[in-house]
1. For R62, R194, what ranking results if the residue with the fewest other Cβ atoms within 10 Å of its Cβ goes first?
2. Using θ = phi - 60° and the Karplus relation 6.51 cos²θ - 1.76 cosθ + 1.60, list the HN-Hα couplings for the stretch 30-41 in order, rounded to whole Hz, with x at every Gly or Pro.
3. Given points 7 Å out from each Cα along the Cα-Cβ axis, report the A38 to S364 separation in nanometres with one decimal.
4. Can you work out ³J(HN,Hα) from phi for every residue in the stretch 202-217, in order, using Karplus 6.51 cos²θ - 1.76 cosθ + 1.60 and θ = phi - 60°, giving whole Hz and x for Gly and Pro?
5. Under 8 Å for C-alpha pairs, at least 6 residues apart: give me the relative contact order for the chain, rounded to a whole percent.
6. Using all C-alpha to C-alpha distances in the stretch 410-466, build P(r) with 5 Å bins and read off the rounded percent in each one.
7. What FRET efficiency, computed as 1/(1 + (r/R0)^6) with R0 = 60 Å and r the Cβ-Cβ distance, is obtained for H476 and K410, rounded to the nearest 0.05?
8. Based solely on its DSSP helices, what 222 nm [θ] is calculated for the chain when runs of n ≥ 4 H residues each add -39,500 (n - 2.57) and the sum is averaged over all residues, nearest 500 deg cm²/dmol?
Amino acid sequence: MITIQGKGVSTGIGMGPLYFYRRAKTELKRYTIEDTTAEWLRFKGAQAVAMEQLGELAEKAREEAGDEAAMLFETHQMMAEDMDYEEAIQALITEENLNAEAAVADTGDQFAEMFASMDDEYMKGRAADVKDVSQRILNILSGAVQGGIDSPVPVLLASDDLAPSETIQLDKSKILGFITSYGSSSSHTAILARTMGIPAIVGLGDQLDPIYEGRTVVVDGGTGAVIIEPNDEVFADFVKKREEQLQQRALLETLKGKENVTKDGKSIRVYCNIGSPEDVDAIKVNDGGGIGLFRSEFLYLNSSTYPTEEEQFEAYKAVLTGMGDKEVIIRTCDIGADKQIDYFELPKEENPAMGMRALRISLSRPAFFRTQLRALYRASAYGNLGIMFPMVTSVWEVRETKKLIESVKKELEAEGLPYSDHVEIGVMIETPAAAMISDRLAKEVDFFSCGTNDLTQYTLACDRQNNDLGRFYDPHHLSVIRLLKMVVENAHKNGVWVGICGELGADLEMTETFLAIGVDELSVTPRAVLPLRNKIRSIDTSVTTPAILASIESDETPKY
């Protein structure tokens with residue numbers, strides 16, 4: 001029996017023979033061409049075929065896994081004809097006389113590297129998308145045939161990584177689980193696996209050796225464990241665990257429509273984090289109570305130039321109308337640091353995580369900021385809108401922002417454009433500075449939303465993208481918890497509510513702590529809503545809170 005460890009990204013137990021994905025092999029051709037016009041037209045023809053294929057895949061995905069899965073391929077269609085992507089390929093063909101295959105491959109690598117270098121996990125996942133789109137066009141140009149599974153029995157499918165199009169085209173009746181050497185929890189492969197209810201483990205690296213093919217394997221998508229040739233006792237334990245998980249999944253479905261309330265009657269709001277208007281369907285399917293974080297920067301990242309006021313208005317309006325009377329909190333543009341966009345022309349910085357980013361950019365470029373604020377307030381007429389500002393460190397930043405808001409409202413009124421005068425204003429608490437002056441910030445806003453990813457990073461002086469730091473980056477660190485407790489106390493003294501929108505919000509080990517310190521709202525991925533609701537309903541805060549508060553204040557915590 002051999003056990004190897006990866007990262008579980010889709011829960012569930014899978015058991016069966018291990019099978020390595022057979023991918024069509026294409027040898028990249030690289031040569032100089034004379035007729036650049038003909039070569040460009042050859043690319044355009046392949047691009048058109050790719051668009052047609054992706055449209056068919058979107059329909060197939062919608063039938064098998066719903067709108068969320070279909071959106072992956074609709075996103076690929078947009079990538080395939082993205083202006084920046086096209087222009088980069090065209091430049092290599094027409095200016096460097098490179099053949100279409102090489103131009104597509106080089107551009108795909110360049111764009112994938114750009115996405116992979118970003119700090120945001122969602123954007124990192126887009127690296128796989130652009131690779132998938134480019135490989136599709138390459139296959140069409142070279143006439144390659146898609147690979148797949150050639151097995152008479154269902155298998156645990158292994159690969160270096162699986163592109164969304166490879167995943168959706170597979171015969172699902174043959175798949176017991178996914179195991180990959182690379183990938184992340186926010187990659188579309190992981191998203192598809194979760195949507196389809198298929199166990200998945202990523203990040204096994206070179207531990208995933210082809211010599212294991214054909215052997216009996218058990219995978220646990222919750223813990224990330226892969227057991228090769230388990231003994232009878234271990235196998236029986238996993239059979240029992242799988243049965244328990246199936247019972248638990250059925251139980252979670254019964255929680256739809258129920259309240260997020262503890263045994264002793266303490267309630268907390270459970271909202272969702274999303275990155276595009278298409279994610280609204282996932283919130284409804286999972287019974288989310290609202291949107292605690294809508295990342296507006298997707299509009300900028302998916303555009304080759306600054307999105308217009310009208311484009312932003314339509315996107316925000318779509319989310320608000322889709323959510324009805326439920327609250328929708330939209331974060332203003334959080335660009336900078338890892339999220340670099342060429343047309344922003346941001347200067348190169350030695351330490352971009354602490355440089356020109358987020359609200360700092362918005363306040364430094366008032367015309368740019370006004371465009372977004374106008375779009376947001378115009379959209380506010382169509383739903384229950386809240387606006388929050390990222391990377392706040394000072395009271396003057398909030399006051400200057402509020403002055404711009406009042407100016408924008410006067411403009412809209414003068415132009416006869418409707419807007420709501422009941423928009424809640426909030427700030428993200430993601431720096432120790434914001435936490436330390438939360439008593440003063442609370443006098444300026446309606447709510448706080450704690451971005452625990454950055455708050456942990458800045459509090460512990462740990463780059464959260466540096467995997468070598470390992471245990472040093474600890475979101476459960478007492479210093480982070482004490483800061484959150486102080487923020488909640490300062491907020492409540494001033495009639496301000498507090499939410500958690502970082503990844504920690506979905507950490508079920510922290511739910512009792514958040515309830516104990518008085519957090520009012522947790523915003524998580526749509527799939528995390530029902531498990532979190534189940535956890536909340538199992539807690540008796542009259543029992544847990546006293547011990548937790550005593551632990552937070554204790555000076556006898558040797559770990560720290």
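1. Values: R62 16, R194 23.
Exposure proxy ranking, most exposed first: R62, R194.
2. 9, 7, 8, 10, 9, 8, 5, 5, 5, 5, 5, 5
3. 5.0 nm
4. Taking θ as phi minus 60°, the curve returns 10, x, 7, x, 7, 5, 7, 9, x, 5, 7, 4, x, 7, 6, 9 Hz for the stretch 202-217.
5. 14 percent
6. Bins of 5 Å from zero give 4, 17, 19, 14, 12, 10, 9, 7, 5, 2, 0 percent of pairs.
7. Values: r = 46 Å, r/R0 = 0.77.
Rounded to the nearest 0.05, the efficiency is 0.85.
8. Working: 22 runs with 259 residues, N = 560.
Taking each H run of at least 4 residues, the total per residue is -14500 deg cm²/dmol.
Computed from the coordinates by the stated procedures, all read-outs in this text should not be read as laboratory data. On a predicted model such as this, the values are computed, not experimentally measured, just so you know. Neighbour counts are summed over all protein chains in view; Cβ atoms, including those assigned to glycine, are modelled from backbone coordinates with ideal geometry.
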